[in-house]
1. So, in the range 302-318, of the ones that are surrounded by fewer than 17 Cβ atoms within 10 Å (Cβ to Cβ) and within 16 Å of THR185 (Cα to Cα), which residue ends up farthest from the chain's Cα centre (by Cα)?
2. Across the range 247-263, what is the number of residues that are within 49 Å of the chain's Cα centre (by Cα) and either of a type outside the set (Gly, Ala, Ser) or assigned to a loop (DSSP other than H, G, I, E, B) (or both)?
3. Mind checking whether some residue in the range 199-217 is under 30 Å from PHE242 (Cα atoms), among the small types (Gly, Ala, Ser) and in contact with a Cys (Cβ under 7 Å, 6 or more places away or on another chain)?
4. PRO203 fails exactly one of the following numbered conditions: (1) under 20 Å from THR185 (Cβ atoms); (2) surrounded by fewer than 16 Cβ atoms within 10 Å (Cβ to Cβ). What is the number of that condition?
5. With THR273, THR296 as the choices, which residue is in a helix (DSSP H, G or I) and either hydroxyl-bearing (Ser, Thr, Tyr) or in the same structural domain as SER179 (by TED's automatic domain parsing) (or both)?
6. Filter the range 299-318 for residues that are touching a residue at least 40 places away in the same chain (Cβ under 8 Å) and either in a helix (DSSP H, G or I) or closer than 27 Å to SER237 by Cα (or both) and give the result.
7. From the list GLY202, GLY241, GLY272, exactly one residue is out of contact with any Phe, Trp or Tyr (no Cβ under 8 Å at 6 or more places or on another chain) and free of Cβ contacts under 8 Å to residues at least 60 places away in the same chain. Which is it?
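The values are calculated or read from the model by the stated rules, or taken from the named source; none is laboratory data. Just so it is clear, the structure is predicted and the values come from calculations on it, not from any experiment. With ideal geometry, Cβ positions are generated from the backbone for all residues, glycine too; neighbour counts draw on all protein chains shown.
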Amino acid sequence: MDAIRNLVAGADPIGPDPIVPDAEEALGSMFSRPEVFADRVSPDIPTLAERRQRRGRVLGLMTIAAAAVTAGVLVSLNLGPLTSAPAPAGTSTPTPTAGSSVSPTPTATASSTPSASPAPTPAATLPVTPSEPASPPVADWRRFSSPSAGVSFEVPAGWTAKDVPAGAPDYPASGIEVSDEAGKTVATLYYGTGGGLGGACGPEKYTQIELDSAEYTAGWDPNAGVRFSYRLIDRTSVGGGFSYQAGLVDESSGRLTNSCLMYSVVHGVPRGTLYFADRAWNAPDEPVFQTMAEATAYMSTDEYRNLKKMILTLSLPG
């Protein structure tokens, strides 16, 4: 029995003997020898079929291991170390299907990744130059009413309006005087009956020029042709400069003619005659502009803009 065990151990492919004997040869040797043995094999001894199956498994595993080692060596030699970045958490790679297209994954930008909003950078502070208002705000204007004259109009802040004597016993009328912040008279209103304005000058005739005009709706007669007018008399040929008037005129008084006189008056009002202007006729002490540029620049002043607006707000009952 010991002899059989030794023969079988010598045929074991995983035994300590590095030389692997042929199984058929070992089996033939067993039957050719004269030793006597039982026909039953111990359960601890594997059969020939089991040893063949076991040997095939071992050879297959060794072949697979050798192939894996060889592949790893080739990849390492040809491509160098391979390093793959881990995929971002929460992302997945879309799998294309038939009839569909997969767009490339967009590169992450600052707007696609939510993050804490940075504190806004304060803008540079630039000096602001306040623009010159065309006239005081509406809230700075007030309406002045004269019971004696029966008229009303708006007055800018800082200006004052008051009733003053006007007319004569034979020509009853009402008068209003408007002054600016410095107390200078900037406009006069006369409303009532009256005769001719009078005035005289020499034979000279000077050119009249109108620089500004604005329609005024006359409640007593919409077709009266009343308007606001800013006109000049050019006396520069004799060194007299440009005299001027700014106020209400009608079709007759507002007609531009070559003359030495100019009037700002409205005829045909319910009580006879009306004038509301900085001055109604020429006077020896009237102000003048030395150049046309000065006369034009006057229209950009607050005094002129306030004067024009005030006169156009006149309410005169029909």
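1. So, considering only residues that are surrounded by fewer than 17 Cβ atoms within 10 Å (Cβ to Cβ) and within 16 Å of THR185 (Cα to Cα), the one farthest from the chain's Cα centre (by Cα) is GLU303.
2. So the answer is 4.
3. Yes - at least one qualifying residue is present in the range 199-217.
4. For PRO203, the failing item is (1).
5. THR296
6. MET299, ASP302, GLU303, TYR304, ARG305, ASN306, LEU307, LYS308, LYS309, MET310, ILE311, LEU312
7. Only one candidate qualifies: GLY202.
This table checks each residue for (1) buried (at least 16 other Cβ atoms within 10 Å of the Cβ); (2) of a type in the set (Phe, Trp, Tyr); (3) closer than 21 Å to ASN306 by Cα.
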residue	(1), (2), (3)
ASP221	no, no, no
VAL226	yes, no, yes
ARG231	yes, no, yes
ARG235	yes, no, no
SER243	yes, no, yes
GLU251	no, no, no
THR257	no, no, no
MET262	yes, no, no
